[in-house]
1. Mind telling me which of the residues 54, 59 ends up being surrounded by 15 or more Cβ atoms within 10 Å (Cβ to Cβ) and touching a strand residue (DSSP E or B) at 6+ places or on another chain (Cβ under 6 Å)?
2. Can you pull out the residues in segment 261-270 that are surrounded by fewer than 22 Cβ atoms within 10 Å (Cβ to Cβ) and either outside any loop (DSSP other than H, G, I, E, B) or touching a residue at least 40 places away in the same chain (Cβ under 8 Å) (or both)?
3. So, residue 123, is that one under 27 Å from residue 215 (Cα atoms) and free of Cβ contacts under 8 Å to residues at least 12 places away in the same chain or not?
4. Kindly provide the set of residues from segment 63-75 that are in a strand (DSSP E or B) and without any contact (Cβ under 8 Å) to a residue 60 or more places away in the chain, ordered by number.
5. Could you tell me which residue of segment 76-96 is surrounded by the fewest Cβ atoms within 10 Å (Cβ to Cβ), considering only residues that are in contact (Cβ under 8 Å) with a residue 60 or more places away in the chain and in contact with a strand residue (DSSP E or B) (Cβ under 9 Å, 6 or more places away or on another chain)?
6. Checking the conditions here, which among 257, 244, 232 is surrounded by fewer than 21 Cβ atoms within 10 Å (Cβ to Cβ), without any contact (Cβ under 8 Å) to a residue 40 or more places away in the chain and in contact with a helix residue (DSSP H, G or I) (Cβ under 6 Å, 6 or more places away or on another chain)?
7. Tell me, yes or no, whether segment 91-101 has at least one residue that is in a helix (DSSP H, G or I) and closer than 30 Å to residue 8 by Cβ.
8. Give the residues of segment 13-47 that are within 22 Å of residue 110 (Cβ to Cβ) and assigned to a helix (DSSP H, G or I), sorted by residue number.
């Protein structure tokens, strides 16, 4: 059993396990070399061997305790034949298929990438999906509307209600197929959770998360991680008590003085500020020390409060990991 799985199962280990959200990608020179030979990210995602290689690049460079499959939260839209593009200006764009038909063959490359990664490494492999609400923000709202989603939510509420339910069911099947392909743990990224009020969060994020995790556990007992980015303390507390949740990932804005208010029967993941990692220096060590001290007696996975920023120096990541590994 790996130390990361031990902690996800609420077994505190002497060594703190480490992985980083967006650890694979733009901050790595070896990734940029591969990326330059492809016309688009979609082309890369559709190449299982390349996905496996990119997935393992940060693990091999930093000796991290887990890999996370190199894909995107929007892959689920491809199941209905929707086209996805990344224009680098407005963020990802989902062009909806006017005659949607669910076909898992559309993303067979993802499941092949998982199998390829597992054949190359025995490291813990994390699979993931976007929470239904977060995934839908890219198909329901235009790039212009996404800049101020709160302004448009009310007029689309009935549509969101219907689509969240459908997307929840689809996410269950999507996730279970990742499990069958070989992932060892599963994370649900609800990156847009903080936009919602309490009532909306309950019905569009918390309830779907419960349903997805219940289905996963019924299928196979792998660890589950929820990441409700940007929610307030009360809602972090609600999330921490979700049935069949193994680990709650907290963002950099969570006040660690409140950690005792969360369910003490689950692991916690996080929550170094990605900006602090990018800048480095004494403040980085200070923040790392505070995190490690907070979780000295609690199951914990060291991670960021969000993803690695693209121009983060590799040396800062190397130094941080070395610093954590050397802590007694």
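1. Testing whether each residue is surrounded by 15 or more Cβ atoms within 10 Å (Cβ to Cβ) and touching a strand residue (DSSP E or B) at 6+ places or on another chain (Cβ under 6 Å) leaves just 59.
2. Selection gives 261, 265.
3. When the stated conditions are applied, residue 123 does not pass them.
4. Answer for segment 63-75, where residues must be in a strand (DSSP E or B) and without any contact (Cβ under 8 Å) to a residue 60 or more places away in the chain: just 67.
5. Top of the filtered list is 76.
6. Checking each option against the conditions leaves just 244.
7. Scanning segment 91-101, I find no residue that is in a helix (DSSP H, G or I) and closer than 30 Å to residue 8 by Cβ, so the answer is no.
8. Scanning segment 13-47 gives 30, 31, 34, 35, 41, 42, 43, 44, 45.
We did not get these values from a lab; they are worked out from the coordinates using the rules stated. Since the model is a prediction, treat every value here as computed from it, not as a measurement. Because the Cβ atoms are built from the backbone with ideal geometry, glycine has one as well, and the counts that use them run over all protein chains shown.
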